[in-house]
Number of protein chains: 6
Amino acid sequence: MRPSKRAAQDLRPVTLERNVARYAEGSCLVKFGGTHVLCTASLEDKPPPWLRGQGRGWVTAEYAMLPRATHTRTRRESMSGKPSGRTQEIQRLIGRSLRAVTNLPALGERQITLDCDVLQADGGTRTAAITGAWVALHDCCKWMHGRSIIKEFPLREHVAAVSCGIYQGEAVLDLDYEEDSVAQTDANFVMTGGGALVEVQASAEGAVFSEDELSVLLALAKGGIAQLVNIQKLAIG
Amino acid sequence: MRPSKRAAQDLRPVTLERNVARYAEGSCLVKFGGTHVLCTASLEDKPPPWLRGQGRGWVTAEYAMLPRATHTRTRRESMSGKPSGRTQEIQRLIGRSLRAVTNLPALGERQITLDCDVLQADGGTRTAAITGAWVALHDCCKWMHGRSIIKEFPLREHVAAVSCGIYQGEAVLDLDYEEDSVAQTDANFVMTGGGALVEVQASAEGAVFSEDELSVLLALAKGGIAQLVNIQKLAIG
Amino acid sequence: MRPSKRAAQDLRPVTLERNVARYAEGSCLVKFGGTHVLCTASLEDKPPPWLRGQGRGWVTAEYAMLPRATHTRTRRESMSGKPSGRTQEIQRLIGRSLRAVTNLPALGERQITLDCDVLQADGGTRTAAITGAWVALHDCCKWMHGRSIIKEFPLREHVAAVSCGIYQGEAVLDLDYEEDSVAQTDANFVMTGGGALVEVQASAEGAVFSEDELSVLLALAKGGIAQLVNIQKLAIG
Amino acid sequence: MRPSKRAAQDLRPVTLERNVARYAEGSCLVKFGGTHVLCTASLEDKPPPWLRGQGRGWVTAEYAMLPRATHTRTRRESMSGKPSGRTQEIQRLIGRSLRAVTNLPALGERQITLDCDVLQADGGTRTAAITGAWVALHDCCKWMHGRSIIKEFPLREHVAAVSCGIYQGEAVLDLDYEEDSVAQTDANFVMTGGGALVEVQASAEGAVFSEDELSVLLALAKGGIAQLVNIQKLAIG
Amino acid sequence: MRPSKRAAQDLRPVTLERNVARYAEGSCLVKFGGTHVLCTASLEDKPPPWLRGQGRGWVTAEYAMLPRATHTRTRRESMSGKPSGRTQEIQRLIGRSLRAVTNLPALGERQITLDCDVLQADGGTRTAAITGAWVALHDCCKWMHGRSIIKEFPLREHVAAVSCGIYQGEAVLDLDYEEDSVAQTDANFVMTGGGALVEVQASAEGAVFSEDELSVLLALAKGGIAQLVNIQKLAIG
Amino acid sequence: MRPSKRAAQDLRPVTLERNVARYAEGSCLVKFGGTHVLCTASLEDKPPPWLRGQGRGWVTAEYAMLPRATHTRTRRESMSGKPSGRTQEIQRLIGRSLRAVTNLPALGERQITLDCDVLQADGGTRTAAITGAWVALHDCCKWMHGRSIIKEFPLREHVAAVSCGIYQGEAVLDLDYEEDSVAQTDANFVMTGGGALVEVQASAEGAVFSEDELSVLLALAKGGIAQLVNIQKLAIG
């Protein structure tokens, strides 16, 4: 029995609220249950320095948690002087996931930065961030397209993400903090709207896992991501 | 004529929403028009190292802006490695303002950190932060008092803050970004519920100012802060 | 009774010694009693990057204390890796104060940096620094004007600064360390030679203060700054 | 056809040379073809601060590349002030992989640090590092056991790692730099001697991938890791 | 002919002014011609952490230049985040030089920090700093001895330093900036009052040098240091 | 009697292995007994920024130790955020030593960086590094010359280095760690193939030293460096 009474294959209630930031070219407040992430897309009219003159754009991401997004207060990373390894790992994952469905040449020499700021954390912040950031990126692309900044719509597909894990011996979808903190295996899957894989990250936390367990987790993730993509479709109308 | 059509002595619409952060001992989402600041109060069971063994507590503040709280994206301070001078100035101001109305010995050897994170910025973020942080601090004190962690309620008074400035030759209250960016004089006032002064910071931006102008600004601020204190009283019910 | 036996409205002995640094375009060793600050003005032939191409110059300031300027040794900020919040607050104040009396377009695309290094600290270092930095800036402008680097003399007015505070219930001028460390209210005023206000920073340290008290402090400051401006006039001959 | 003429399921020549560092409690120079990593295990007689008093030990890893391990010189991370996101991601992976096969309570309150320094890089540095670090860790455990520092041998199993990817449409094992730099999908697998999974990290670089492709990559990895474990067994005699 | 018209074996005018810093336990403003260094000695009642419990004290030094001590303004090291290699090299040299003549066990578990801040630089700042720091250290020891903090006077000998170099083919003593900036060989010698060597640092700047040249430089240094020790003796009277 | 049974004037066994790094333009693994340093020369097609447009090249060096090159593990400098003073001192010394024998205009507007990474440390790492870096630099110059990147061979002479010290009252050559850690005087000499001096750094560690002792150390160094230059000649064939 999961602490939240959910069945193994149940997502938490998911909402995607658009246009939540006055100045951003695209924005989305995503909630996976008690996990709330504010995602904004910011357009810059030049690519990062190392990409200049190549006729392509770039999509990148930054991720942070408000200090009291967590049960006990977490030290602000601007005070400790640098983003932690965990933060960097997550923002690299978000960036790769969104680039996988973006036609970068179609962006022209521009950069879109997705800022994913966790207002409240209850497990699965990185998967919520990817799912919400896609909406913000979509709206930014629409904004650009509507103003004829770009000719071709640069997003090829939906992308969404979900976590799975083995909790008390059972494979479950979309772990909340209570489950996540004791799960034996923890996996994050990123998939496209068409069902292709973008990222698989599975990690033994307390016990190693078998190929069969990986298959079960993947099957759960497919179901969850299909639902998330539907929610994205409803959100962007 | 002010861009927002407000009269010189008008505040923007102000709201104070409590209990917006699941884990914090006190929290408040404060809005001064388009300026939105999420304030959380976090209790720690020990004072800062330099205060150990003195039988007193401490109240401190940290302030930050989300990267896209602003018209154009601002670089994240965790990436640049240290909080800017402006950030440090503001968080020192918030901390001093709240300590001025707190009975620190009554807190015992504990620390309360007020995190003020600007979700959207339209001028006056530091004054909104002080006004909202007071509510978060109040609720944190109530939480402690309700659990008998402290015997005496440690907040002596309300404290609130507002900006004033000289915009196109006229003294006006609670400047928004459009006014603030061109104001000749910019002043921030922090006052208690009883009308006493806690902080006065007035600065010539483009033109020096006279004693009479300072008096007019102070009179505007008194009116504004009285209203803010009333809104705080309604909020805490 | 003040520890130094001064009357409430008395400045400490103030001296302004010019041409104390061989290489600087302007320099001044300012002493407010036991507070000694070495101020140098350094001309650079280009403005800061963000001001390029706008036909204006810039005046900025840096402030530091020698490690043993204080009663006990203070850690060197180059060792801790960054200037403290207090340091940044002070150097921003010095910069704003001097810019308020400088005709920046008349400087052309140049920058003048005022370095204010406290050799010995006995309270009021920031106000001494502003008062002395004005002399260094004046001499730097004269140096430029004498070499026909600029056509118009860019300093419009004198600027000087002084602290006031409420010490043992009484408003007093130009606090030394012994007074400052126990003052209930601490205020710094920056004014022009013509008596206009440039900055007002008043802060409740232990007790809040009233409008009347603010008025008394302001009156004291006016008297003190008038004397300081006279001393500046004598110094620049 | 692979640039190295290897068949799809071929590893590069792999060697594991023990006792290469005079002072370390365990060490191994691992070569996967042109990729050379020097791994040392260093024993410390206390655990990291956050683990004190819990009766368990810890295994952690640090990873770095010599500046000229790469085709063009890479800036030294001690000069840029902090390890990059990629470095942190890799050292977290190495640490997790080794902890998955270590009986941490059997270590007692001690820490073993695996330093993995890449002398020459030709693709697959992280998988070579894990494979070699296991040998260094093994020898460190043997050293401790031989001196009766610990009673129970704390390593439960072998652990080794290999990369797979889709190169020019074909799934191949153990990519070298020439393959890696153009692979469409890049995956790293960490498995135990018993064939259980420890980590799966698969990432779409240029094209998304299917479940079937993931299965093929996993099958290749199983074969490669079985060989690597045999080479480890030979090495430790 | 030297730019300053000095003979090859001439020092610049040297002065050692004591008691120039109100709070320091010892202080000295040393001038070697246009090179002015303010040296303070600060006593701390505990040794550095790595020396605790060994019954010995420590003497250390820090060195910095005011930004406009130099012909053109030098960036403040607190702004760049860390002391430069040159700064660290110099402060390590000063520390070693003074420790060579100090009876560290006689200090007890205490630390004396010599801060050497260059107010004006005209070549030879490190040798002036050593010569002046010795006086500050002497006065700090006397202060401690006078208060019976220590029983035995811990300074065994004088120590002083001077630079030599080959300027336009001729060996000269105590180079000023004009000479130093074009010298082919640059050497710094630290010697005791008894004529023993403490440090020799000779470096080819533009041309290598012979053993004979080293001997000539050493002979010059001996003469110069003997004079400096006499000036120290007069200063401490 | 030396711990290694060597006579006073004996070097440890020295080897210089070339072409040890696949990608570097020049490389050398130098061993002075148990001290092993990997030296690589990396060519960059532009000089450092401050040398642009002057028609000359530059030679610079970086130095680091692997964490477990030492008896007990040393913290990685990329983790502490900056190279230590010792590291900076050594890399400045290596750079100066190599520049002293390089015809910088003959390099053209290019930079060669010598990375000296200590794989194992047993005393004398800086002198081994200089001796090995010369070989790497030589091979880099040969590589450039062979490809007609430069017309004139830019290395004028050999350069090599050795340490000497006074160990148990006797002057000895090429100290190992056991000797170095207790030596009273520690000196490093850098000389050219022609016997000219490039750097002399002699330092009293526990006892001051006399001119005669300096002469004895210098004589030992001359003998040692002559041997090292012969070994370099054999190595480069």
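The values are calculated or read from the model by the stated rules, or taken from the named source; none is laboratory data. These numbers were taken from a predicted model, which means no experiment stands behind them. Every residue, glycine among them, receives a Cβ derived from its backbone with ideal geometry; neighbour counts consider all protein chains shown. Surface areas here come from the heavy atoms of the whole protein model, side chains and all, with no ligands, DNA or RNA. Shrake-Rupley method; radii C 1.70, N 1.55, O 1.52, S 1.80 Å.
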**OP:** Report yes if B:A24 is in a loop (DSSP other than H, G, I, E, B), among the small types (G, A, S) and touching a strand residue (DSSP E or B) at 6+ places or on another chain (Cβ under 6 Å), otherwise no.
**Re:** yes
**OP:** Residue by residue through segment C:30-43, note down the ones that are within 17 Å of C:I94 (Cβ to Cβ) and either within 8 Å of another protein chain (Cβ to nearest Cβ) or open to solvent by less than 30 Å² (accessible area, probe 1.4 Å) (or both).
**Re:** C:V30, C:F32, C:T35, C:V37, C:L38, C:C39, C:T40, C:A41, C:S42
Subject >> Cross-chain or 6+ apart pairs with Cβ under 8 Å, segment E:108-119 first and among the small types (G, A, S), then open to solvent by less than 20 Å² (accessible area, probe 1.4 Å) >> reply: E:G108/E:G57; E:G108/E:I150
Subject >> Residue list for segment B:124-182, restricted to those being touching a helix residue (DSSP H, G or I) at 6+ places or on another chain (Cβ under 8 Å) and among the acidic types (D, E) >> reply: B:D139, B:E152, B:D174
Original post:
So which of E:L175, E:L114, E:L137 is in contact with a Gly (Cβ under 8 Å, 6 or more places away or on another chain) and part of a loop (DSSP other than H, G, I, E, B)?
Top reply: E:L175
Original post:
Restricting segment C:182-222 to residues that are part of a loop (DSSP other than H, G, I, E, B), of a type outside the set (A, V, I, L, M) and within 19 Å of C:Q9 (Cβ to Cβ), which is least open to solvent (accessible area, probe 1.4 Å)?
Top reply: C:G195
**OP:** Go through segment E:70-88 and give me each residue that's modelled with pLDDT under 95, within 20 Å of the chain's Cα centre (by Cα) and not in a helix (DSSP H, G or I).
**Re:** E:P83, E:S84
Original post:
Are any of the residues in segment E:45-55 more than 14 Å from chain F (Cβ to nearest Cβ), more than 27 Å from C:Y23 (Cα to Cα) and not in a loop (DSSP other than H, G, I, E, B)?
Top reply: yes
Original post:
Is it the case that segment E:168-181 has a residue that's away from chain F (no Cβ under 14 Å), within 26 Å of E:R22 (Cα to Cα) and in contact with a Cys (Cβ under 6 Å, 6 or more places away or on another chain)?
Top reply: no
**OP:** Name every residue in segment A:195-209 that is closer than 19 Å to A:A128 by Cα and either of a type outside the set (G, A, S) or more than 8 Å from chain D (Cβ to nearest Cβ) (or both), in order of residue number.
**Re:** A:G195, A:L197, A:V198, A:E199, A:V200, A:Q201
**OP:** Sort through E:L29, E:L93, E:L66 and tell me the only one that's over 24 Å from E:V182 (Cα atoms) and among the aliphatic types (A, V, I, L, M).
**Re:** E:L29
**OP:** Return the pairs, sorted by first residue and then second, in which the second residue is among the hydroxyl-bearing types (S, T, Y) and modelled with pLDDT of 95 or more, the first residue lies in segment F:200-218 and is under 15 Å from E:A161 (Cβ atoms), the beta carbons are less than 7 Å apart, and the residues are 6+ apart or on different chains.
**Re:** F:V208/E:T192
Original post:
So, of the residues in segment C:72-97 that are more than 9 Å from every other protein chain (Cβ to nearest Cβ) and within 21 Å of C:P154 (Cα to Cα), which turns out to be surrounded by the most Cβ atoms within 10 Å (Cβ to Cβ)?
Top reply: C:I94
Original post:
In segment F:154-167, how many residues are open to solvent by 10 Å² or more (accessible area, probe 1.4 Å), outside any strand (DSSP E or B) and more than 11 Å from chain E (Cβ to nearest Cβ)?
Top reply: 1
Original post:
Within segment F:139-153, can one find any residue that is within 14 Å of chain D (Cβ to nearest Cβ), in contact with a strand residue (DSSP E or B) (Cβ under 8 Å, 6 or more places away or on another chain), open to solvent by less than 20 Å² (accessible area, probe 1.4 Å) and not β-branched (V, I, T)?
Top reply: yes
Subject >> Sole exception among (1) more than 15 Å from E:E199 (Cα to Cα); (2) modelled with pLDDT under 95; (3) not basic (K, R) for F:V216, by number >> reply: (2)
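Yes/no per residue for (1) part of a loop (DSSP other than H, G, I, E, B); (2) touching a Ser or Thr at 6+ places or on another chain (Cβ under 8 Å):
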position	(1), (2)
F:T15	no, no
F:V20	yes, yes
F:V30	no, yes
F:R68	no, yes
F:I90	no, yes
Original post:
Which members of segment C:44-55 meet the condition of being open to solvent by 10 Å² or more (accessible area, probe 1.4 Å) and more than 30 Å from C:T15 (Cα to Cα)?
Top reply: C:D45, C:K46, C:P48, C:P49, C:W50, C:R52, C:G53, C:Q54, C:G55
Subject >> Only listed residue being open to solvent by 20 Å² or more (accessible area, probe 1.4 Å), touching a residue at least 24 places away in the same chain (Cβ under 8 Å), within 11 Å of another protein chain (Cβ to nearest Cβ) and not β-branched (V, I, T), chosen from B:A69, B:A100 >> reply: B:A100
Original post:
If you check C:R126 against the conditions, is it of a type in the set (K, R), within 14 Å of chain B (Cβ to nearest Cβ) and touching a Leu at 6+ places or on another chain (Cβ under 9 Å)?
Top reply: yes
Original post:
Which residue, of D:A219, D:A202, D:A129, D:A187, is small (G, A, S), over 27 Å from A:E157 (Cβ atoms) and in contact with a strand residue (DSSP E or B) (Cβ under 7 Å, 6 or more places away or on another chain)?
Top reply: D:A129
Subject >> Output for segment B:56-66, where each listed residue is open to solvent by less than 40 Å² (accessible area, probe 1.4 Å) and away from chain C (no Cβ under 12 Å) >> reply: B:G57, B:V59, B:A64, B:L66
Original post:
Would you pick out the residues in segment D:56-66 that are more than 22 Å from D:D122 (Cβ to Cβ) and either of a type in the set (F, W, Y) or outside any strand (DSSP E or B) (or both)?
Top reply: D:R56, D:G57, D:W58
Original post:
Only one of (1) surrounded by fewer than 24 Cβ atoms within 10 Å (Cβ to Cβ); (2) more than 12 Å from chain D (Cβ to nearest Cβ); (3) polar (S, T, N, Q) is not met by A:T131, so which one is it?
Top reply: (1)
Original post:
Among (1) open to solvent by less than 10 Å² (accessible area, probe 1.4 Å); (2) under 13 Å from the mean Cα position of the chain (by Cα), where does D:R126 come up short?
Top reply: (1)
**OP:** Using the structure shown, decide if D:T192 is modelled with pLDDT of 95 or more and of a type outside the set (G, A, S).
**Re:** yes
**OP:** Starting from residues that are of a type in the set (A, V, I, L, M, F, W, C) and surrounded by fewer than 19 Cβ atoms within 10 Å (Cβ to Cβ), keep the ones in segment C:103-119 and report whichever is farthest from the other protein chains (Cβ to nearest Cβ).
**Re:** C:A106
